[in-house]
1. Would you mind checking which residues have amide H under 5 Å from residue 238's amide H? H placed 1.01 Å from N; only 5 or more apart, or other chain.
2. In nm², what is the average projected area of the convex hull enclosing the Cα atoms of the range 1-127?
3. For the range 210-353, I need the span (max minus min coordinate) of the C-alpha atoms along each principal axis, in Å, sorted largest to smallest.
4. Return the Rg/Rh value of the range 233-296, two decimal places, where both radii are evaluated on C-alpha atoms and Rh is the Kirkwood radius.
5. So if I average 1/r over every pair of distinct C-alpha atoms in the range 212-270 and take the inverse, what Kirkwood radius in Å does that give?
6. Calculated FRET efficiency, residue 138 and residue 270, Cβ-Cβ r, R0 41 Å, to nearest 0.05?
7. With a 1.4 Å probe and all protein chains left in place, how much of the accessible area of the range 249-299 comes from carbon and sulfur atoms, in whole percent?
8. When the dipole is taken about the Cα centre of the chain, and only Lys, Arg (+1) and Asp, Glu (-1) are charged at their Cβ, what size is it in debye, to the nearest 20?
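The values are calculated or read from the model by the stated rules, or taken from the named source; none is laboratory data. All figures in this text were calculated on a predicted structure; none of them were measured in a lab. Cβ placement follows ideal geometry from the backbone for every residue including glycine, while neighbour counts extend to all protein chains displayed. Accessible surface is based on the protein model in full, side chains and every heavy atom, while ligands, DNA and RNA are left aside. Shrake-Rupley method; radii C 1.70, N 1.55, O 1.52, S 1.80 Å.
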Amino acid sequence: MENFADIPAEVRRRVDGGERVALIFLDAFGLEFLERHRDHPLIERLEVTPVSAQFPSTTTAHVTTAHFGVPVHEHGLYEWNVLEPSLEEIICPLRFNSTGFEAEETLKDRLDPSVLTPGPTFYESLGVPCVVAQPGRLAGTFSAVATRGAGVIGFRHLDAGVRALADAFAHGQCRYGLLYWDLIDRAGHDHGPGSPEFAAGCKRSLDEVWEAVAELRGVTVLITADHGQVDVSPERVDYLDDLWPELPALLSHSRPAGSSRDVFLHVRSEHVPTVIAELSARLDGRAEVRPAAELFNAIGPRLRDRLGDVAVLPSSGRQAWLRRAAASEQRFRGQHGGLDEAETSTYLAELTR
């Protein structure tokens, strides 16, 4: 097993072999952070297999893989902001809204949510009773289509989520359970992964899992993360349209896709070489600018229809975006999406009894 995208096949192998499996998915708790907390009793009990994140190292790419069992090049939802071809508009799939709107679910009357699904969910294809446990505040349109075939448990605190999942196993309600937790990721975005607040958030999450995980009796417990994070700052943002005011006229979509560690520009085809050359010169080593397709080992039809033409990958600790679409780069202290080792190194770990 080399890549996060291999994890669904490993789960299937274990379930087909008769195991009951719980996968605890700690958003942003990448390999570097697992090693920082190596003296925690939970981590001391883990057998860890390092794996690589998919590119981009983003929540959307990996949550979608977990829910549908296919890699990013097949499901096509590669970033927080992506082009939705049926609308010809940049959207946020997980929030089911048009990018730039604070309110969630703004696409309810405009977009059939089934267009976001690459086929049956992993739970539908697994052929055994399944449960997804996640914070109750994440319920929404994307969650509804991505968890088809599974019972859904909403919870507020992580330890309560682990206990609720254990109860589902104990009462025969599932053979496979996925638990997703996102507040480590949020602490990193708000404070930076080098901050005391982030360290405290990681420890609190580990403590809560450790306090409750013994209740998963007779269950294979696996733990993973989608990516890590790097420290960033609003003072280290390159606004591409400030650097090159003529850039917006060369774009086919005025808003960028991706996020501030992996900016994807939809560019009019005749201008792609010019945009790559000019942005490379103006960024002067602060970011790598490449044809986006070069960054993927494979590109299926769904990814091809959504993928931007030019990718801007800021160097470690930096961000990039468009001033006209200013967003989270103005406040984030931690971010992910790029190719830094801290972003791309993750694992699949098994709890030993």
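1. 319, 320, 321
2. If you wrap the Cα atoms of the range 1-127 in a convex hull and average its projections, you get 9.6 nm².
3. Extents along the principal axes: 61, 37, 23 Å.
4. Details: Rg = 11.3 Å, Rh = 12.3 Å.
Computed over Cα atoms, the ratio is 0.92.
5. On the way: mean 1/r = 0.0637 Å⁻¹.
15.7 Å is the Kirkwood radius here.
6. Details: r = 42 Å, r/R0 = 1.02.
Efficiency, from the Cβ-Cβ distance: 0.50.
7. Working: 1030 of 2270 Å².
Result for the range 249-299: 45 percent of the exposed heavy-atom area is carbon or sulfur.
8. Details: 35 positive and 52 negative charges, 133 e Å.
Dipole of the chain, to the nearest 20 debye: 640 debye.
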